[in-house]
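Input: a single structure, listed below in structure tokens.
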Amino acid sequence: MGGAVTGCRARYIAEVTAATTIRVTRGKLSRLAHAGLDSFAFRERAIGDLRAALPFDAAAWWTIDPASALFTSCVFQPSPVDHAICAGVHGNELGDTDYNKFRVLARRSAKAEVLSAATGGQPERSDRYRHILAPLQYKHELRLALSDNSVLWGGIALLREPGGPDFTPAEVGRVASLGRILTEGLRSGIALGAAQVDCAPNGPGMLIVDDDLQILTMTPNAERWLDELTDGFPCLPNVGSSWLPEAVRSVVARARQPHGGDAPEDHMSRARVRGSSGRWLAIYASRTRETRPGSASIAVIIEEARPAEIAPLIMDAYGLSPREARVTSLVLHGLSTREIADEIHLSPYTVQDHLKAIFEKAGVRSRRVLAARVFGQYHLPRAGLGGNPPESDGAVAGAYSTVA
């Protein structure tokens with residue numbers, strides 16, 4: 001009897017300790033999520049805070065373009081230069097079959113699951129386990145999809161080495177309970193980080209890669225744009241290098257996938273990603289047509305994203321409803337409350353209510369500050385250097401003119 005009581009007490013103490021740890025960790029992550037960090041800095045620091053909630057040997061954390069569901073960057077710890085896991089997983093995510101894909105987890109209520117549970121205790125049934133995790137000496141994997149309102153912003157994989165314990169259902173629950181605040185911090189870091197204008201390539205760049213991701217040729221502008229996508233690496237790839245930034249690998253992997261009845265060379269793969277300077281870039285990839293047997297390759301174009309391409313992401317980043325997005329668009333076009341009310345057939349009082357909600361979500365107190373914040377983050381970087389004028393349509397107007 002005494003042993004049973006002691007065991008119950010031990011479990012009770014462990015549960016209380018775990019609950020306290022989660023509360024403390026959630027508080028740290030909440031402060032971090034509102035610290036104005038970019039997505040890389042947020043992920044690096046948040047992984048450290050996650051270790052307080054449960055132990056793990058390594059963590060890989062991807063950002064994902066909500067529009068295309070393509071991976072755009074990866075932070076991996078403990079080794080910041082070992083991207084073998086990051087480089088391989090986007091191809092696995094695009095494949096036909098495997099377990100716990102982020103886009104599948106995003107549709108579940110918990111959004112988290114352990115690989116061993118999904119495979120019935122046989123992780124070797126997973127291609128990802130056999131070809132990526134096991135060769136790198138990882139056995140246990142816990143995945144968490146970071147999504148809100150059906151928008152997938154990223155995914156986390158926590159890993160443990162052989163010999164260590166698998167992740168328990170209780171640990172899955174702890175990680176899942178942190179999903180909302182982790183999503184909020186990542187979403188803000190992706191879309192709302194500060195932009196730094198330095199030197200920008202003048203126009204798009206193009207590179208050609210083969211099926212082994214070897215760079216065959218690239219333009220000088222492509223080399224400069226790649227510098228914006230190096231995921232923190234100081235070195236640019238040389239022609240013939242097998243290394244490409246995560247976002248480019250992901251877009252190329254999608255371009256290589258067959259899509260319905262279309263010929264692969266007719267499919268254009270694309271993604272939006274924020275460069276190291278804060279500029280929004282658009283990456284496009286398409287398989288070239290063979291001029292001789294075995295000559296097909298992948299053409300990749302990198303250029304600065306147009307405002308209309310990033311407008312939906314901006315709205316999602318602030319968490320605006322479709323009506324709030326429309327009101328924001330009209331505010332940025334300079335309409336008064338009465339004019340907005342007439343435009344969207346609402347009373348001025350209802351418009352004021354929408355404005356209050358928008359200000360709260362954007363963390364501002366007035367129209368002027370709202371416009372200044374959007375201008376500083378999205379319009380100013382497109383204006384160029386040395387006092388050059390912005391593009392003729394105006395990034396602010398262009399960004400929101402297509403939002404219904």
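What to note about this one:
- Top-ranked residue in the range 159-196 [being touching a Gly at 6+ places or on another chain (Cβ under 8 Å) and in a loop (DSSP other than H, G, I, E, B); ranked as modelled with the highest pLDDT]: G193
- Looking at the range 294-361, the helices (runs of 4 or more DSSP H) lying wholly inside it that each contain 3 or more residues that are in contact with a strand residue (DSSP E or B) (Cβ under 7 Å, 6 or more places away or on another chain) sit at 307-318.
- The range 334-380 - residue that is surrounded by 16 or more Cβ atoms within 10 Å (Cβ to Cβ) and in contact with a Phe, Trp or Tyr (Cβ under 8 Å, 6 or more places away or on another chain) and, of those, modelled with the lowest pLDDT: Y378
- Of all residues making up the range 74-92, the number that are at pLDDT 85 or above and either within 15 Å of the chain's Cα centre (by Cα) or part of a loop (DSSP other than H, G, I, E, B) (or both): 3
- Residue among A4, A41 that is surrounded by fewer than 16 Cβ atoms within 10 Å (Cβ to Cβ), farther than 20 Å from E171 by Cα and at pLDDT 85 or above: A41
- Test: residue in the range 141-157 that is of a type in the set (S, T, Y), at negative phi and in a strand (DSSP E or B): yes
The values are calculated or read from the model by the stated rules, or taken from the named source; none is laboratory data. Not measured: the values here are computed from a predicted model. Neighbour counts run over all protein chains shown; Cβ positions are idealised from the backbone, glycine included.
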